[in-house]
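Enquirer: Once you've had a glance at the structure underneath, I'll fire off some questions.
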Amino acid sequence: MHDQFRERLASASRTELEELKLRALAVLERVQAARKYRLRSKVEEAEVAVAIETLVQVEAVLDRRGRWFLSPRRLQLRMKYLR
């Protein structure tokens, strides 16, 4: 499944990648804003995990970065949105 996602990202246009990035950021911001008023649900935690992975993969493709970029960026986003 991850391989299919990566292949799809590799064949996507820059506009499609930017749109995916904006959608992922919107999910992260929405969940973070709701966190001020209540605890996150399991569904929201899953949404955040998918959004983070999408964002990391899209940024790697857009910025032409290798696998070494993925883990630190993933950790950085998890610290920001899942703490």
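The values are calculated or read from the model by the stated rules, or taken from the named source; none is laboratory data. None of the values given here were measured: they were computed from a predicted structure. Note: ideal-geometry Cβ built from the backbone for every residue, glycine included; neighbour counts use all protein chains shown.
Enquirer: In this structure, is Val50 surrounded by 11 or more Cβ atoms within 10 Å (Cβ to Cβ), in contact with a Leu (Cβ under 9 Å, 6 or more places away or on another chain) and modelled with pLDDT of 90 or more?
Expert: no
Enquirer: Conditions: (1) closer than 11 Å to Val58 by Cα; (2) of a type in the set (D, E, K, R); (3) within 14 Å of the chain's Cα centre (by Cα). Arg30 meets all but one. Number of the miss?
Expert: (1)
Enquirer: Taking the stretch 61-83 only, how many residues are touching a Leu at 6+ places or on another chain (Cβ under 6 Å) and within 15 Å of Leu22 (Cα to Cα)?
Expert: Qualifying residue count, the stretch 61-83: 2.
Enquirer: Here are some residues: Leu20, Leu28. Which one is surrounded by 13 or more Cβ atoms within 10 Å (Cβ to Cβ), more than 19 Å from Arg64 (Cα to Cα) and among the hydrophobic types (A, V, I, L, M, F, W, C)?
Expert: Residue meeting the stated conditions: Leu28.
Enquirer: Among residues belonging to the stretch 53-69 that are among the charged types (D, E, K, R) and surrounded by 14 or more Cβ atoms within 10 Å (Cβ to Cβ), point out the one that is nearest to Arg83 (Cα to Cα).
Expert: Per the stated criteria, the residue is Glu53.
Enquirer: Return the residues of the stretch 27-59 that are among the aliphatic types (A, V, I, L, M) and closer than 21 Å to Pro72 by Cα; say none if nothing qualifies.
Expert: Hits for the stretch 27-59 are Val27, Leu28, Ala46, Val48, Ala49, Val50, Ala51, Ile52, Leu55, Val56, Val58.
Enquirer: Out of the stretch 1-45, which residues are among the β-branched types (Val, Ile, Thr) and closer than 20 Å to Tyr81 by Cα?
Expert: Val27, Val31, Val43
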